[in-house]
Amino acid sequence: MSTPKEIKSQLNQLILDSQTTAPKLSERLVEMNRWIAQKKNGLLMRKRHVMQLLAELVEYATFWLEVESLSLQDKDFVLAQLSPAEQYWYQYLFPAWFNERDPKSIVWKQKLMADEFGKSDDTLIKGICRAIEVNGGGTFNPYIADLSMATDLIAFGTKELVLCVQLTTVRDSLCASKYSEWESTLKHWQILRGLFLSFNPVRVKVDRAGQCIFQCSDQLPRECYRRKSMDL
Amino acid sequence: MTTQLKNQQEKKISKAMQALERARALNRSRRDFGVDGICRHVRDVDGDWLENWSEGVSVSLNPEA
């Protein structure tokens, strides 16, 4: 187990280590560091949200920096150990996150500190991910992808094609702006393949939602944004 | 490749793989337990670290940060 002090120290080290090799990563980590320093009064839940985010970012940045410094042969060896979703994350989405502007950062930073993120999705996502795995696929769900990229999970099926999935309840999906916001977020990050799945968790079992995502991962075109609704 | 260089590369690979495994564990934990799961990976998450967080980034000059 780490301590918050160790996480802080790792973050500081990463900021220094990336200054010359990946200045944009360094800047983004400095930004995170500054944001946390400015929010002194911490409610219990927001501490857990912020620490989850930080602990993940430290590991992503450590992995990314180490891999970047490897020889081509060693890099290939390490990248071959990753699942398709992890490859997409580390090779494409994570670098995009620190290299590009994050238009949602103001909103998620405010929400995170105000603890406005509910826990209602947690059990759904867990069940859905398990269903995808049982079918022979896999998922990866970085917290920052959820916050910045409107992606609850990066899924893949047997064809190993990645799909960025946003889950929502049927009632929420009636709000047209939520879909268009999702689409523009994916466009911003140049995510090519996305699924906006709205379902009724009372009527639709998570296994079926997982099965649907698994099939979409294999069957959807290589470039598309698709909206699906499961109400029954 | 000299032995020293080989050792360096192996150390880097090992560090990367450790970070990869920890990132996987953190992903699984949030998926299975929500953000409450972070308490299984980081000690004293509910303590006063947020209140005491400083902006300093110099590890050597500011080890208590």
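The values are calculated or read from the model by the stated rules, or taken from the named source; none is laboratory data. What you see is a predicted model; the values in this text were computed from it and never measured. Ideal geometry is used to build each Cβ from the backbone, glycine not excepted, and the neighbour counts take in all protein chains shown. Heads up: the accessible areas ignore ligands, DNA and RNA and are worked out on the full protein's heavy atoms, side chains in. Shrake-Rupley method; radii C 1.70, N 1.55, O 1.52, S 1.80 Å.
Taking (1) open to solvent by 10 Å² or more (accessible area, probe 1.4 Å); (2) in contact (Cβ under 8 Å) with a residue 60 or more places away in the chain in turn, A:Trp189 satisfies each apart from (1). Per the listing A:Met1, A:Met51, the residue uniquely within 29 Å of B:Asn52 (Cβ to Cβ), at the interface with chain B (Cβ under 9 Å from one of its Cβ atoms), in contact with a strand residue (DSSP E or B) (Cβ under 8 Å, 6 or more places away or on another chain) and crowded, with 22+ Cβ neighbours inside 10 Å is A:Met51. Here's a check for you: in the stretch B:1-43, which residue that is among the acidic types (Asp, Glu) and at pLDDT below 95 is nearest to A:Leu70 (Cα to Cα)? Per the stated criteria, the residue is B:Glu10. For the stretch B:18-28, a residue qualifies if it is more than 8 Å from chain A (Cβ to nearest Cβ) and either open to solvent by less than 40 Å² (accessible area, probe 1.4 Å) or under 15 Å from A:Leu53 (Cβ atoms) (or both), and exactly one does: B:Ala25. Would the stretch A:108-117 turn up any residue that is in contact with a His (Cβ under 6 Å, 6 or more places away or on another chain) and either open to solvent by less than 10 Å² (accessible area, probe 1.4 Å) or over 24 Å from B:Glu21 (Cβ atoms) (or both)? Among the residues of the stretch A:108-117, at least one is in contact with a His (Cβ under 6 Å, 6 or more places away or on another chain) and either open to solvent by less than 10 Å² (accessible area, probe 1.4 Å) or over 24 Å from B:Glu21 (Cβ atoms) (or both), which makes the answer yes. From the list A:Leu167, A:Leu174, the one residue that fits, being at pLDDT below 95 and under 20 Å from B:Phe33 (Cβ atoms), is A:Leu167.
Pairing residues of the stretch B:32-45 that are at the interface with chain A (Cβ under 7 Å from one of its Cβ atoms) and over 16 Å from A:Arg46 (Cα atoms) with residues that are basic (Lys, Arg) and surrounded by fewer than 21 Cβ atoms within 10 Å (Cβ to Cβ), at Cβ distances under 6 Å and at least 6 apart in sequence or on separate chains, gives B:Asp32/A:Lys126.
Close contacts from the stretch A:56-81, counting a first residue that is within 7 Å of another protein chain (Cβ to nearest Cβ) and a second that is of a type in the set (Val, Ile, Thr) and surrounded by fewer than 16 Cβ atoms within 10 Å (Cβ to Cβ), with Cβ to Cβ under 9 Å and a gap of 6+ residues or different chains, come to A:Ser69/A:Thr21.
Taking the criterion of being touching a helix residue (DSSP H, G or I) at 6+ places or on another chain (Cβ under 8 Å), away from every other protein chain (no Cβ under 12 Å), open to solvent by less than 60 Å² (accessible area, probe 1.4 Å) and among the polar types (S, T, N, Q), would at least one residue in the stretch A:87-101 satisfy it? No, the stretch A:87-101 contains no residue that is touching a helix residue (DSSP H, G or I) at 6+ places or on another chain (Cβ under 8 Å), away from every other protein chain (no Cβ under 12 Å), open to solvent by less than 60 Å² (accessible area, probe 1.4 Å) and among the polar types (S, T, N, Q). Pairs meeting the criteria (first residue in the stretch A:32-46 and over 11 Å from B:Leu50 (Cβ atoms) and open to solvent by less than 30 Å² (accessible area, probe 1.4 Å), second residue among the acidic types (Asp, Glu) and modelled with pLDDT under 85, beta carbons under 7 Å, at least 6 apart or on different chains) are A:Asn33/B:Glu55. Looking at the stretch A:18-38 only, could you name the residues that are within 10 Å of chain B (Cβ to nearest Cβ) and not β-branched (Val, Ile, Thr)? Result: A:Gln19, A:Ser26, A:Leu29, A:Asn33, A:Arg34, A:Trp35, A:Ala37, A:Gln38.
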